[in-house]
Amino acid sequence: MSSSAGGGGAGGGGTDIASLLEKAKELDQLKKDQDDVVAEINKIHKKILQSPEMVDKSVDAILLKLRGLYTRAKDLSESEISASTTLIGLLDGLLQSGASTAQRKKIEVGEPKKKRIKSDTDTARFSAASMRNQLDQAANLKGEQVAARVKSDDEKDEWFVVKVIHFDKETKEYEVLDEEPGDDEESTQKKYKLPMSCIIPFPKKGDPSSAPDFGQGRQVLAVYPGTTALYRATVASHRKRKSDDYILEFDDDEEDGSLPQRAVPFYRVVALPEGHRQ
């Protein structure tokens, strides 16, 4: 009887070890995927430094590609954290179940595995540094006006110009102030706490060269003239200079059966968020 019970414990331990090794393989693949993404990002950075004139011609495509790569890097970092957490749980389970010395030897770290763990550690450091950089950039927006999605439901997203009061690095939330509430709201200024995904920084007014250049026909999110609300609009004509206003046609802005063209400063126009509802 005691022999049978011991066999069951070994089987359970073996299953846990198999799960642990499988999860370790997953971590290894995540590291390789992250290396590929970082290599792509570095290629684009190098290309920008070597051929700035090329960037001027296709800045939209480059910025969109970079955004996609950084989003992918963020997703991989989050997957890495999840896989690492699962591994810790499996290890804790093995330790608590009193796995035999022989079983533990199966997962002892040999030289090749040490190298892999070092690589995983390096990747974790890169991920942490990347996240710290994002948090520092968010904190630097204090006092700046940004575009904020203050309301969202199944039918409509509402975006307004707000001022950043504070960014909490722990909760990753912005505290923002709506300095000009609408006529249908209370006359007092309104504060919101919003996650990072609800905030889009505006281009710098004094630095047109750093602003994205949206071509004719591109859909954007822009501040409607005379208001602090942002709506979806289409770029009506190509701009000659980056400091020029955009000429936009706003959705649902019909007058006499046609859409009027309205001038909006470049520093009040941002990329249209994916899945925007209006």
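Rule-based calculations on the coordinates, nothing more; no lab input. The shown structure was predicted, so the numbers you read here are calculated from the model rather than taken from an experiment. When we count neighbours, we look across all protein chains shown, and the Cβ atoms used for this are built from the backbone with ideal geometry, even at glycine.
Let me check the size of the range 232-278 from its C-alpha atoms; what are the radius of gyration and Dmax in Å?
In Å, with Rg to one decimal and Dmax whole: 11.6, 32.
Can you pull the three principal axis extents for the Cα set of the range 164-278, in Å, largest first?
For the range 164-278, the Cα extents along the three principal axes come out at 43, 35, 27 Å.
For a protection proxy built on the mean count of beta-carbon atoms within 10 angstrom, sort 62-71, 230-239 highest first, please.
Values: 62-71: 14.0, 230-239: 19.3.
The densest-packed peptide leads the list: 230-239, 62-71.
Quick one: dipole size for the range 169-278, taken about the Cα centre, charges +1 on Lys/Arg Cβ and -1 on Asp/Glu Cβ, in debye to the nearest 20. Provide the component values of the computation, followed by the final result.
Working: 16 positive and 22 negative charges, 173 e Å.
Roughly 820 debye for the range 169-278.
Once you've got the Cα coordinates, tell me which of Lys142/Lys191; Lys23/Lys74; Lys142/Lys169; Lys46/Lys205; Lys142/Lys205 are over 18 Å apart. Let's see the in-between values first.
On the way: Lys142/Lys191 14 Å; Lys23/Lys74 20 Å; Lys142/Lys169 13 Å; Lys46/Lys205 27 Å; Lys142/Lys205 16 Å.
Table pairs above 18 Å Cα-Cα are Lys23/Lys74; Lys46/Lys205.
Starting from the Cα of Asp60, step 7 Å along the direction of its Cβ; do the same at Gln278; then give the gap between the two resulting points in nm.
1.6 nm
Sorted by mean Cβ packing within 10 Å, highest first, what order do the peptides 192-199, 42-49 take?
Details: 192-199: 15.1, 42-49: 11.6.
The peptides rank, most packed first, as 192-199, 42-49.
Can you flag which of Lys163/Lys193; Lys25/Lys172; Lys47/Lys172; Lys43/Lys204; Lys156/Lys242 are past 22 Å Cα-Cα? Let's see the in-between values first.
Values: Lys163/Lys193 12 Å; Lys25/Lys172 31 Å; Lys47/Lys172 32 Å; Lys43/Lys204 26 Å; Lys156/Lys242 31 Å.
Too far apart for the 22 Å limit: Lys25/Lys172; Lys47/Lys172; Lys43/Lys204; Lys156/Lys242.
How much length is gained if the chain between Lys74 and Leu91 is pulled fully straight, taking 0.36 nm per residue apart and subtracting their Cα-Cα distance, in nm to one decimal?
On the way: separation 17, 0.36 × 17 = 6.12 nm, distance 2.59 nm.
Length difference between fully extended and current span is 3.5 nm.
Could you compute the FRET efficiency for Tyr224 and Lys204, with r as their C-beta to C-beta distance and R0 at 22 Å, rounded to 0.05? Show your work: numbers first, answer last.
On the way: r = 21 Å, r/R0 = 0.97.
Step by step, r from the Cβ atoms, then E = 0.55.
List every residue whose amide H lies under 5 Å from the amide H of Ile165, counting only residues 5 or more places away in sequence or on a different chain, with H placed 1.01 Å from N in the peptide plane.
Gly143, Glu175, Val176, Leu177
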